[in-house]
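The values are calculated or read from the model by the stated rules, or taken from the named source; none is laboratory data. Because the structure is predicted, anything quoted here is derived from the model rather than measured. Counting neighbours? That spans all protein chains shown, and the Cβs are built from the backbone with ideal geometry, glycine included. In case anyone asks, the SASA skips ligands and DNA or RNA and just uses the protein heavy atoms, side chains included. Shrake-Rupley method; radii C 1.70, N 1.55, O 1.52, S 1.80 Å.
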Amino acid sequence: MDIGNLPPLNKKNVIIALGIEGSANKIGVGVLKFDHGEYSILSNPRKTYISPAGQGFLPRETAWHHQNYVVAMVKQALVDAKISHPEVEIDVICYTKGPGMGGPLRSCAICARTLSLLWNNKPIVGVNHCVAHIEMGRVATKCSNPVVLYVSGGNTQVIAYSNNRYSIFGETIDIAVGNCLDRFARILSLSNDPSPGYNIEKLAREGGNLFVELPYVVKGMDVSFSGILSYIEKEARGKLASGAVTPADLCYSLQETIFAMLVEITERAMAHTASDTVLIVGGVGCNLRLQHMMGEMVADRGGSLCAMDNRYCVDNGAMIAQAGIFAFQMNACTAMENTTCTQRFRTDAVDVIWR
Ligand code: MG
């Protein structure tokens, strides 16, 4: 498959990587195999920390959750992948270096270091979480050089590749689109199980009829969601009480507005880069309404949309292994003393040496 890789410096024909992800409320461990040019996921278990309705997930509680489950996740990933001697069978350990929440990130970095020491000083690769989403998406959809819309609880970026960088063409200037949805779900006291965004999507689809006009905030290539959130919160308090609108109407109106904003800036990036494919990654990328709206825009331009389901869109360990294996193939490992993590780590700070 052509994903634009340079010939690897590391000439091994078979490589097995273990990836550990835990930058937000999911702890995931994946085992990925590279075998003569093909990548396959051998296992990818994941566990989500679900906070009570009306509440978000806080760093400390989330870190506790990850610390409690990471050993079980590693064991399950190895069993599912039928790996009984990881100290010889695993070639490299990959973990999320950032961006994300401090406590949860640190829990995973410590796990990666510990496993490396347990398994004869196994090489480690620290991975940028955003780049991992992109690389998983490119491999899973076979979309080699798309404009990427990365939408999740912590990130909102329109990205395209150029000169060994994933350049950010547009982004949110305040909160992420997923954070806007999560916080609106809290206002409505919707369940966080399986995710607040999923419950908003379901309510909008099943009962949203009335479109309530909301602020539409696109500034050049950037978007802003915090004012929309404040505005709809006020609408919710006033109009829900009087019965003028239903929660479903508000969910529908919010989705239509913020997804239209995302489609607009993605279209502009397509025009600028003369690209005809769009790849959507990140947790919000599972939203079928967003996929449909994006699909219509892309079809109008004669292009194609690459989207994934929640196995790959949502944070997982295999995506960390995927980006890590690319770096490993270029012999770009992280020295033990540098296996730290960082809450701020921009997508365009990574030297993409494998393309
Ligand atoms: Mg993510």
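Label positions at Ala299 and Asp276, each projected 7 Å from the Cα along the C-beta direction, are separated by 1.7 nm. When the chain is treated as a GNM with alpha-carbon contacts under 10 Å, the residue of Val177, Val158, Val218 showing the greatest mean-square fluctuation is Val218.
Length gained on full extension, Arg289 to Ser189: 33.8 nm, using 0.36 nm per residue less the C-alpha separation. Take every Cα pair under 8 Å whose residues are at least 6 apart in sequence, average their separation, divide by the length of the stretch 125-217, and the relative contact order is 16 percent. Annotation for Arg311 and Ile173: the two label points, set 7 Å from Cα along the Cα-Cβ direction, are 4.1 nm apart.
Accessible surface for the stretch 240-355, divided over its residues, is 39 Å² per residue with a 1.4 Å probe.
Calculated mean residue ellipticity, 222 nm, the chain: -14000 deg cm²/dmol, from DSSP H runs (n ≥ 4) at -39500 (n - 2.57) each, averaged per residue and rounded to 500. Ordered from longest to shortest, the equivalent ellipsoid semi-axes for the stretch 202-320 are 28, 17, 14 Å, each the square root of 5 times a Cα gyration tensor eigenvalue. Suppose the Debye formula is applied to equal point scatterers at every Cα of the stretch 116-169; what is log10 I(q)/I(0) at q = 0.25, 0.31 Å⁻¹? The Debye formula, applied to the Cα set alone, gives -1.01, -1.36. Per-residue extension of 0.36 nm, minus the Cα-Cα distance of Asp351 and Lys219, leaves a gain of 44.7 nm for this segment.
Here the calculated FRET efficiency for Leu210 and Arg344, from their Cβ-Cβ distance with R0 = 35 Å, stands at 0.30, rounded to the nearest 0.05.
Charged side chains reduced to their Cβ positions (Lys and Arg at +1, Asp and Glu at -1) give the chain a dipole of some 740 debye around its Cα centre. Note on Lys11 and Ala241: the model spin-label points, each 7 Å out from Cα along the C-beta direction, lie 7.5 nm apart. With Cα atoms defining each centre, the stretch 211-257 and the stretch 31-83 are spaced 34 Å apart in the structure.
For Thr114 and Lys82, what does the FRET efficiency come to when R0 = 22 Å and r is the distance between their Cβ atoms, rounded to the nearest 0.05? Kindly include the intermediate steps, with their values, before the conclusion.
Values: r = 23 Å, r/R0 = 1.03.
Here the calculated transfer efficiency is 0.45.
A Cβ-based charge dipole, computed about the Cα centre of the stretch 191-289 with Lys and Arg at +1 and Asp and Glu at -1, lands at about 180 debye. Note on the chain: percent of Cα-Cα distances in each 20 Å bin, starting at 0 and stopping at the bin with the largest distance, equals 31, 56, 12, 0.
Select from the stretch 170-243 those GluC sites (Glu not before Pro) which occupy a DSSP coil region and have at most 12 other Cβ atoms within 10 Å, ordered by residue number.
Counting only loop positions with at most 12 other Cβ atoms within 10 Å, the GluC sites (Glu not before Pro) in the stretch 170-243 are Glu213.
When you filter the trypsin sites (Lys or Arg not before Pro) in the stretch 265-304 for DSSP loop state and at most 16 other Cβ atoms inside 10 Å of their Cβ, you are left with Arg301.
In terms of packing, defined here as the mean over residues of other Cβ atoms within 10 angstrom, the peptides 124-130, 336-342 line up highest first as 124-130, 336-342. Loop-located trypsin sites (Lys or Arg not before Pro) across the stretch 62-117 with a Cβ neighbour count of 15 or fewer within 10 Å are Lys82, with loop assigned by DSSP. For the Cα trace of the stretch 50-146, dividing Rg by the Kirkwood Rh returns an Rg/Rh value of 1.02.
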